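What follows is one structure encoded as structure tokens, with my remarks underneath.
The values are calculated or read from the model by the stated rules, or taken from the named source; none is laboratory data. It should be emphasised that the depicted structure is a prediction, and the values quoted were computed from it without experimental measurement. As a convention, Cβ positions derive from the backbone with ideal geometry for all residues, glycine included, and neighbour counts pool all protein chains shown. Areas reflect the complete protein model, heavy atoms only, side chains present, ligands, DNA and RNA absent. Shrake-Rupley method; radii C 1.70, N 1.55, O 1.52, S 1.80 Å.
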Amino acid sequence: MAQELKLSRRDRISIWWRSTFIQGSWNYERMQNGGWAFSMIPAIKRLYKSKEDRAAALERHLEFFNTHPYVASPIIGVTLALEEERANGVPVDNKAIQGVKVGMMGPLAGIGDPMFWFTVKPILGALAASLAMTGNILGPILYFVLWNIIRMGFMWYTQELGYKAGSKITDDLSGGLLQDITKGAAILGMFILGSLVNRWVSVAFTPTVSKVQLDEGAYIDWDKLPAGSEGIKSAMEQQAEGRSLSEYEVTTLQDNLDSLIPGLAGLLLTLLCMWLLRKKVSPIVMILGLFVVGVVFHVIHLM
Amino acid sequence: MDLTIIQIILIVIVAFLAGMEGVLDEFHFHQPIIACTLIGLVTGDLAACLVLGGTLQLIALGWANIGAAVAPDAALASVASAIILVLGGQGQAGVSSAIAIAVPLAVAGLLLTIVVRTIATGIVHLMDAAAKEGNFRKIEMWHVIAICLQGLRIAIPAALIVAIGAGPVRDMLEAMPSWLTDGLAVGGGMVVAVGYAMVINMMATKEVWPFFAIGFVLATIPSITLVGLGGIGVALALIYLALTKQGGSGNGGNGNTGDPLGDIIDNY
């Protein structure tokens, strides 16, 4: 070999950018294969010069491929390293390359799905949504910026990691750090989910359980207040002392539930949904069903 | 609200971006909080669309494309419901009915994306042919076409709703009685649970359930913000990881089997 073929940093940046579109031609036959080949094109151009070699390379990268779109990046990195070796005369056959791709995509999807779809996205989404619902424009901005920084950073870093480590990367990924990250993410995710269920699932029952006449002195006697602003001042002082605003203490069903722990009804509803999901009830059916329940319960004054 | 030509063009562009992202899942233009806000931005009805985006985002929290399974389509749901909200001209009062409209649209969008993904199967065969010739340009072209098809999947329905116009949309919304819209708002408060349930089902193991309980209880203290809860969550995760490591290395250091009682018996 006169000169060793090597991928430049610019090639790798271009591949990283193209891999953003890996799901673009997602299809039911070979899934992400079109996007994968699309991402590999800069490397194939750099490493292979003859038309036959290029055609062969394109064909081998149009094989079946499917994983979480972000964790495709370390696999791309490893494949780049393998292709580089192959172009330089090391005997790396098609089977080895396809083997690495298939071998990595399953376990990595198992990391990508919980990490991005079930931890980062719900946390960022809920944070941003809670801001947006109060009319704060920072919500969507925060979501967009943070999400894309995390995503792009992750994709570039792991693609480089894969490229430098080559096929050894599977050892790095299966042990140690990544496992810790996955577990840590699951803990953080469940913790946040617990608080989100409490804060955002709103189930409010309106029926009155009891209506008790309060003792004299326990409520503000509006007739005996001084007139004008004096009266308002006095009323507020009395309220601060803990007196009730009306002479009846109304307890709704919701108050009863909340005295156990606020958000209990929401928690029970969430558990019910989990159970239904495990019974293979479609989430869409459940969502539509809950709207129906909401309307019916509202009409009969239960909620 | 009547829209100008420029606003309509911008709406279609936003819809196109959302449609692309519906399959790409990268920049997240299809997430309700982004898509609705953008529609609000280009139509000038930002405040109401922002609230709609936030509310829909909470519902769509657990929607994700996993493997070959396709989730309910957030792209069509958010774009179409935001346009309807703007056309209806009810402002924030129209949010809960817009959400009720969004859910069936999510199903419609799901069917559309399945259609496009099936068409893409044909496109991939064209790519195979291009690969045999070693033709880079053609492969790139077909890939871009496939992405654009996904964009059109949302852009066309969005243009159709705009074409129907403000009048009929407003009539339809005003025909909804208040018991229905209020009831839908009640339902909207509960629907969020489905998204959480999906996420929990994917993550829950015996090991992490206690953290769910801690999160739930701490959230009852209203003065702790979500950011604050995030801080506690990160701290708990770090503590847990550090403690499990310590336990492991402690056993390793002694060189025993991790069974202290067994060691005592052996040494006795």
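If we keep just the residues of the stretch A:14-45 that are part of a helix (DSSP H, G or I) and open to solvent by 70 Å² or more (accessible area, probe 1.4 Å), which is farthest from B:Cys148 (Cα to Cα)? Don't jump to the end; show me each part of the working.
Residues of the stretch A:14-45 part of a helix (DSSP H, G or I): A:14-21, A:33-45.
Of the ones still in play, those that are also open to solvent by 70 Å² or more (accessible area, probe 1.4 Å) are A:17, A:45.
Working: A:Trp17: 18, A:Lys45: 25 Å.
Checking each candidate, the answer is A:Lys45.
For the stretch B:76-91, does any single residue satisfy the condition of being closer than 20 Å to B:Glu21 by Cβ and either modelled with pLDDT under 90 or hydroxyl-bearing (Ser, Thr, Tyr) (or both)?
Taking every residue of the stretch B:76-91 in turn, at least one turns out to be closer than 20 Å to B:Glu21 by Cβ and either modelled with pLDDT under 90 or hydroxyl-bearing (Ser, Thr, Tyr) (or both).
Given the conditions (1) more than 8 Å from chain B (Cβ to nearest Cβ); (2) of a type in the set (Ser, Thr, Tyr); (3) open to solvent by 20 Å² or more (accessible area, probe 1.4 Å), report the number of the one that A:Ser130 does not fulfil.
Failing condition for A:Ser130: (1).
Quick check on my filter: what residues within the stretch B:210-232 are open to solvent by 40 Å² or more (accessible area, probe 1.4 Å), assigned to a helix (DSSP H, G or I) and either of a type in the set (A, V, I, L, M) or facing chain A (nearest Cβ under 7 Å) (or both)?
If the condition is that a residue be open to solvent by 40 Å² or more (accessible area, probe 1.4 Å), assigned to a helix (DSSP H, G or I) and either of a type in the set (A, V, I, L, M) or facing chain A (nearest Cβ under 7 Å) (or both), then B:Ala213, B:Ile214, B:Val217, B:Leu218, B:Val227, B:Ile232 are the ones that fit.
Go through the stretch A:235-281 and count every residue that is away from chain B (no Cβ under 14 Å) and touching a residue at least 24 places away in the same chain (Cβ under 8 Å).
Step one: list which residues in the stretch A:235-281 are away from chain B (no Cβ under 14 Å), which gives A:235-253, A:255-256.
Okay, now just the ones that are also touching a residue at least 24 places away in the same chain (Cβ under 8 Å), so A:243-253, A:255-256.
Total satisfying the criteria: 13.
Just one of the numbered conditions (1) more than 8 Å from chain A (Cβ to nearest Cβ); (2) surrounded by fewer than 21 Cβ atoms within 10 Å (Cβ to Cβ); (3) among the hydrophobic types (A, V, I, L, M, F, W, C); (4) closer than 23 Å to B:Val186 by Cβ is not true of B:Ile99; which one?
For B:Ile99, the exception is condition (2).
Go through the residues of the stretch B:137-146 one by one and say whether even a single one is in the same structural domain as B:Val86 (by TED's automatic domain parsing) and touching a Lys or Arg at 6+ places or on another chain (Cβ under 7 Å).
If we filter the stretch B:137-146 for residues that are in the same structural domain as B:Val86 (by TED's automatic domain parsing), which is where we start, we get B:137-146.
Subset that is touching a Lys or Arg at 6+ places or on another chain (Cβ under 7 Å): none.
Within the stretch B:137-146 (the criterion being in the same structural domain as B:Val86 (by TED's automatic domain parsing) and touching a Lys or Arg at 6+ places or on another chain (Cβ under 7 Å)), the answer is no, since none of the residues qualifies.
Inspect all residues belonging to the stretch B:177-193 and state whether any of them is within 7 Å of chain A (Cβ to nearest Cβ) and within 15 Å of A:Gly189 (Cα to Cα).
no
Would you kindly identify the helices (runs of 4 or more DSSP H) lying entirely within the stretch B:93-206 that contain at least 1 residues that are touching a residue at least 60 places away in the same chain (Cβ under 8 Å) and more than 26 Å from B:Met20 (Cβ to Cβ)? Quick ask: steps written out before the conclusion?
Working: elements: B:95-132, B:136-164, B:166-174, B:178-203.
Hits in the stretch B:93-206: B:95-132, B:166-174, B:178-203.
Which residue is modelled with the lowest pLDDT, if the candidates are limited to the stretch A:210-233 and must be assigned to a loop (DSSP other than H, G, I, E, B) and open to solvent by 100 Å² or more (accessible area, probe 1.4 Å)? Spell out how you get there, then give the answer.
Taking the stretch A:210-233 as the starting set, the residues that turn out to be assigned to a loop (DSSP other than H, G, I, E, B) are A:214-218, A:220-221, A:225-227.
Filter once more, so that each one left must be open to solvent by 100 Å² or more (accessible area, probe 1.4 Å): A:215-216.
Numbers: A:Asp215: 75, A:Glu216: 72.
Across the stretch A:210-233, the extreme among qualifying residues is A:Glu216.
Can you list the helices (runs of 4 or more DSSP H) found entirely within the stretch A:51-117 that contain at least 1 residues being polar (S, T, N, Q)?
Numbers: elements: A:51-60, A:72-87, A:94-112.
Those helices (runs of 4 or more DSSP H) span A:72-87, A:94-112.
Scan the stretch B:102-112 residue by residue and report those that are open to solvent by less than 20 Å² (accessible area, probe 1.4 Å) and either modelled with pLDDT of 90 or more or at the interface with chain A (Cβ under 9 Å from one of its Cβ atoms) (or both).
First, pick out the residues of the stretch B:102-112 that are open to solvent by less than 20 Å² (accessible area, probe 1.4 Å): B:102-103, B:106, B:109.
Scanning the stretch B:102-112 gives B:Val103, B:Ala106.
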